[in-house]
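Notes follow once the structure below has been shown.
Coordinate-derived values only; no laboratory data. As the structure is a prediction and not an experimental result, all values here were calculated from the model. All Cβ positions, even for glycine, are placed from backbone atoms using ideal geometry, and neighbour counts span all protein chains on display.
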Amino acid sequence: MSCWSMENFKEQPFQDQSADELLAASQLLRGATSAGTANIYVFEKDGHRYLVKSFARHSLLSRWFFGRATIGNEWHILRMLESAGIRNVPRAFALLERYTLVMEFVEGNQLLSAKHYTADTKPPVEFFEQLRQCLHQCHQAGFAHGDFRRANLLICNGKTPCILDWATANYCQPNVFSWRFLKRWLHRQQRKADRYSMLKIIDDYYPQLLTEDDRIRNQPSWLLRFGRYLRYHLYRHGLKEWLGRAHHCDCHKK
């Protein structure tokens, strides 16, 4: 399935299928690495491929604590992104039993660090220009990604970016007053983190694309610094090791 070639594609009736039936007919692409990450599958039907993210085979605790929040949030955000006309993201087709998300399988290659490319093989300037424009479009429409990094970026057709993994994304309607001050504050911090990460990525490949103003204003937000601290010190070397992987998911269960 090529990148954004599905304007005339009829959505399949996934809502009539249980998560267990779908996973039994799917191929595991990547197993969960912890309680907080989903199993990733590929499902094929009628000549089309779909990406399936699921917590269905995690423990009850993982399903309730992580699955309901992340899978449900990504489902709603992707549907809203599609309604907003933003194309550089996957389409979401179905949410099954709250823990399994069926979405578009986007063909592409993950963006690697600059050291893995030569001058002839690194992504073109056009890719990063489009990436910057797409992120700006998302922010203007009220979306903040919250986990903007290379692992969540695909290169499609050699030059087109696709932004993946909207599980921790946040939406706030632009130019509308709200009493939800904490959500608004979090949204602003996520946008700052998105912008910082994007410019750092661009700087690794084409530093000439950044202006002096970019370099002066581009400072890591408090939320980004705190999030990185928690990820490395509390999650990766604490909670993740304590919970382990084996008793959170049975990736080969049929």
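Take each peptide in 188-201, 103-116, 76-89, count the other Cβ atoms within 10 Å of every residue, and average; sorted highest first, the result is 188-201, 76-89, 103-116. Here are some pairs, LYS115/LYS159; LYS53/LYS183; LYS159/LYS192; LYS122/LYS192; LYS45/LYS192; which of them have Cα atoms lying more than 28 Å apart in this structure? LYS45/LYS192, as the Cα separations exceed 28 Å there.
Annotation: peptides 136-145, 152-161, ranked by per-residue average of other Cβ atoms within 10 Å with the highest first, follow the order 136-145, 152-161. Full extension of the segment from ARG68 to LYS115, taken as 0.36 nm per residue of separation minus the current Cα-Cα distance, would add 13.2 nm.
Applying 1/(1 + (r/R0)^6) with r as the Cβ-Cβ distance of SER178 and ALA84 and R0 = 25 angstrom yields a FRET efficiency of 0.85.
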